[in-house]
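S.K.: To start, I am sharing the structure in question, which I have written as structure tokens.
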Amino acid sequence: MKLNHLLAIEGMTKQEIETIIETSKPFKNLFTRSVKKVPVLRGKTVVNLFFEPSTRTRTSFELAAKRLEADVINFVAATSSLSKGETVVDTAQTIESMSSDIIVMRHSQPGAASLLSKNVKSKIINAGDGMHEHPTQALLDFFTIKEKKGKIEGLNVVILGDILHSRVARSNIYGLLTLGANVTLCAPPTLLPKFEGLNVNIEYDLKKALKDADVINVLRIQKERMESSYLPSLREYNSIFGLTDDKMKYAKKDLLIMHPGPMNRDTEIGHNVADSANSVINEQVTNGIAVRMAVLYLMSGTEMKLETIKS
């Protein structure tokens, strides 16, 4: 499979998602070598075009590109011509004139990456567009679940927290349903949008949601996207919907605990729970590099075979 753009999980087939997951495996194995690089993108230029703050995603894409021996340019919106009135498309076209091959874009507006893909020749990866989607985060979540549970089809996956404002939730819901998982959304009614036509379960009692859960993906309360009050208080949210030690008593012993980060400890997730043996939060970060290497590889059009990378 060769990727043209990666804009969303919605619309991807099961085979496409599974191909990316399988392609990620040899790149994860690469981390055990003394030299963690392969020349897949040698001579190519990857631009990180981020209009919103990011630590994990931007750094992960930068490391992924550098381990594939690409030239990497990190774009800082605050010091660019955007502050002088230049449009996003004009900025991207200017960057492309410097021979960019792949542009990784994060923007606060839904559809921004799609717009860019129609106006530049470079291949576009959506690194998060507003409250729409975050496809590579979902892909690394799927990779982590498959790695730990051996499968995704038939698993009971709970998505807990601020689903209304979460692009991660949307990408996960579309992908998990495509891969055959049973998805339950657990959140206060004010933070739970309607997903018309999607076969998801809704549960307002976290203890009940945990009873049959194999995996739980805990989402951050995104206060920066809230224009009004969605919650009485963070303390009350933690007491009802926080994944805390007392709630874990209702969960399976082998419940897989995930979080896309950054975490608000002792708000949506307890300190002890985040650091427990069930937690794979730090492994998600590691897996993110492998998955993004796989995506860049599939976009590169390289003739290098996976067997070469494995060896």
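S.K.: Based on the mean of other beta carbon atoms within 10 Å per residue, what is the order of 98-109, 138-149, 287-298, most packed first?
M.R.: Sorting 98-109, 138-149, 287-298 by mean packing, highest first, produces 287-298, 138-149, 98-109.
S.K.: Moving on. Once the convex hull of the C-alpha atoms of the chain is built, how many Å³ does it hold per residue, rounded to a whole number?
M.R.: Hull volume over Cα atoms, normalised by residue count, gives 136 Å³.
S.K.: Relative contact order of the chain: what whole-number percent is it, with Cα pairs under 8 angstrom and at least 6 residues apart?
M.R.: Reported relative contact order: 22 percent.
S.K.: In whole angstrom, how far apart do the alpha carbon centroids of the stretch 4-64 and the stretch 235-275 sit?
M.R.: Between the Cα centres of the stretch 4-64 and the stretch 235-275 lies a distance of 29 Å.
S.K.: Residue farthest toward the positive end of the dipole of the stretch 51-184, with Cβ of Lys/Arg at +1 and Asp/Glu at -1: which of I163, V89, V104?
M.R.: Sorting the options by dipole projection puts first I163.
S.K.: For a quick protection proxy, order the peptides 237-244, 171-178 by their average other-Cβ count within 10 Å, most packed first.
M.R.: 171-178, 237-244
S.K.: Over 20 Å between C-alpha atoms is what I'm after, so list which of K66/K148; K14/K207; K14/K44; K151/K252 land there.
M.R.: K66/K148; K14/K207; K14/K44
S.K.: Distance between the C-alpha centers of the stretch 292-310 and the stretch 140-188? Whole Å please.
M.R.: 26 Å
S.K.: Another question about this same structure. When we measure straight from the Cα of K121, which aspartates and glutamates land under 16 angstrom away, once same-chain ones fewer than 8 places off are left out?
M.R.: By straight Cα distance, K121 reaches D90, E96, D101.
S.K.: Let me ask something additional. Just going by the charge dipole of the stretch 1-150, with Lys and Arg at +1 and Asp and Glu at -1 on Cβ, which of I21, L139, V38 is farthest out on the positive end?
M.R.: V38
S.K.: So, one more: At most 16 other Cβ atoms within 10 Å and a DSSP loop assignment: could you name the GluC sites (Glu not before Pro) in the stretch 240-311 that fit?
M.R.: Here the sparse-neighbourhood loop sites are E303.
S.K.: Could I ask something else about it? To the nearest 20 debye, what charge dipole does the chain have about its Cα centre, counting +1 at the Cβ of each Lys and Arg and -1 at the Cβ of each Asp and Glu?
M.R.: Result for the chain is approximately 740 debye, rounded to the nearest 20.
S.K.: To continue, here is another question. Please report, in whole Å, how far the alpha carbons of the stretch 135-282 spread along each principal axis, starting with the longest.
M.R.: Per principal axis, max minus min of the Cα coordinates gives 39, 34, 26 Å.
S.K.: Now a separate question. Stretch A277-N199 to full length: gain in nm at 0.36 nm per residue minus the Cα-Cα span?
M.R.: Stretched fully, the A277-N199 segment lengthens by 25.0 nm.
S.K.: Same structure, new question: In terms of the Cα gyration tensor, with a ≥ b ≥ c the square roots of its eigenvalues, is the stretch 248-311 rounded because a/c is under 1.5, prolate because a/b exceeds b/c, or oblate?
M.R.: prolate
S.K.: Using Cα positions and a limit of under 20 Å, work out the aspartates and glutamates in reach of K208, with same-chain residues fewer than 8 apart set aside.
M.R.: Straight-distance partners of K208: D162, E236, D245, D246, D254, E268.
Since every read-out is calculated from the coordinates, none of them should be taken as a lab result. As the structure is a prediction and not an experimental result, all values here were calculated from the model. We place every Cβ from the backbone using ideal geometry, glycine too, and count neighbours over all the protein chains shown.
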